[in-house]
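These notes concern the structure reproduced below.
The values are calculated or read from the model by the stated rules, or taken from the named source; none is laboratory data. This structure is a prediction, so every number in the text was calculated from the model and none was measured. Here Cβ is always computed from backbone atoms with ideal geometry, including for glycine, and neighbour counts include all displayed protein chains. These area figures cover heavy atoms from the full protein model, side chains too; ligands, DNA and RNA do not enter into them. Shrake-Rupley method; radii C 1.70, N 1.55, O 1.52, S 1.80 Å.
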Amino acid sequence: MQSVAATREANAGNGLTERQGVVLEEALRLLVDGGEKALTTAGVARAANCSKESLYKWFGDRDGLLSAMIGFQASKVRTQDVAASALDAESLSRHLVVFAKDLLEVLSGDVSLALNRLAIGQASREGSKLGHMLQERGRRQIGRRAAALLEAGRKAGLLAFDDADEAYGALYGLVVSDWHLKMLLGEEAGEMKKGFSRKAEQAVSAFLTLYGKKV
């Protein structure tokens, strides 16, 4: 489960009030417990003890609610907004490990697995909106923030790469590898989760071996 601090950062990162964050958490729980059919404005309003009018005011229609849910979930993967002048090798490694651990925790959670399975189930439908939302509001949102940290590392003379997005793709692959696919296919996550800290540290170490600037 994500910490209170991570949830507060998710609220702040999306410009949400604490109350709106609570509503999105309830909506995410509904999705996990009841699937797509449970995710209705009436159901969310009832679960979150708010009016449907408030939901429409805050998030718009159902697609707007889904988009907000995905963005809120993605914001639980923390990346520090740091200036290049404030980075050294140790602090960069520390920031990257925090990011990697959060990425593993969020992607392995019931919410993210439910969203991804739902998107996979809709993939055969022409113009699947959920898959597009997961790409734009989920992975790419996380990627943009992580790429900014990598860019700061390059400006600090700690990393060497030509393209921040490409470097982030390498980091993502090292962190996630094939375990996310295994979880989506139903493999028990308990044992894998026990090794997340070590996996995050190993992934960052491998990334720095590839992209760390030799001094």
Review point. What does the accessible area per residue of the chain come to in Å², with a 1.4 Å probe and no ligands, DNA or RNA counted?
Key: 53 Å²
Review point. If the chain between Asp110 and Ser205 were fully stretched, how many nm would it gain, using 0.36 nm times the residue separation less the Cα-Cα distance?
Key: 31.4 nm
Review point. How far apart, in nm, are the 7 Å Cα→Cβ label points at Arg139 and Lys214?
Key: 3.3 nm
Point to revise | Filtered GluC sites (Glu not before Pro), region 85-168: DSSP coil and at most 13 other beta carbons within 10 Å | key: Glu126
Review point. Ordering Val175, Val22 from largest to smallest accessible area (1.4 angstrom probe), what's the sequence?
Key: Val22, Val175
Review point. Rounded if a/c is under 1.5, else prolate if a/b beats b/c, else oblate: with a ≥ b ≥ c from the C-alpha gyration tensor eigenvalues square-rooted, which is region 121-178?
Key: prolate
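Which value at 222 nm does the chain reach when only helices count, each DSSP H run of 4 or more adding -39,500 (n - 2.57), with the total divided by all residues and rounded to the nearest 500 deg cm²/dmol?
Here the helix-only value at 222 nm equals -21500 deg cm²/dmol.
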Practice item. Would you kindly derive the ³J(HN,Hα) couplings of region 198-213 from the backbone phi angles with the Karplus curve 6.51 cos²θ - 1.76 cosθ + 1.60 (θ = phi - 60°), listing them in order in whole Hz, with x for Gly and Pro? Key: 5, 5, 4, 5, 5, 5, 5, 4, 5, 5, 5, 5, 6, 10, x, 7
Exercise for review: Taking 7 Å along the Cα-to-C-beta vector as the label spot, tell me the Val98-Asn49 distance in nanometres, rounded to one decimal.
Suggested key: 3.3 nm
Point to revise | Carbon/sulfur fraction of accessible area - the chain, other protein chains in place, 1.4 Å, % | key: 50 percent
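Rg to Rh ratio, the chain, alpha-carbon atoms and Kirkwood radius? Numbers along the way, then the final one.
Details: Rg = 18.1 Å, Rh = 18.2 Å.
Using Cα coordinates only, the ratio equals 0.99.
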Check your understanding: So which GluC sites (Glu not before Pro) in region 173-202 are both in a DSSP loop and have at most 13 other Cβ atoms within 10 Å of their Cβ?
Key -> Glu187, Glu188
**Study point:** Those trypsin sites (Lys or Arg not before Pro) in region 95-174 that DSSP places in a loop and that have at most 10 other beta carbons within 10 Å
**Key:** Arg125
Review point. Taking amide hydrogens as modeled 1.01 Å from N in the peptide plane, which residues meet the under 5 Å criterion relative to Leu159, leaving out close sequence neighbours?
Key: Arg154, Lys213
**Study point:** Pairs of lysines in region 62-215 (C-alpha under 23 Å apart; 8 or more residues apart or interchain)
**Key:** 16
Review point. How high is the FRET efficiency between Ala84 and Ile120 when r is their beta carbon distance and R₀ equals 25 Å, given to the nearest 0.05?
Key: 0.05
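Using 0.36 nm per residue of separation minus the Cα-Cα distance, give me the extension gain between His132 and Glu191 in nm, one decimal. It would help to have the intermediate numbers written out before the result.
Values: separation 59, 0.36 × 59 = 21.24 nm, distance 3.11 nm.
Stretched out fully, the His132 to Glu191 stretch lengthens by 18.1 nm.
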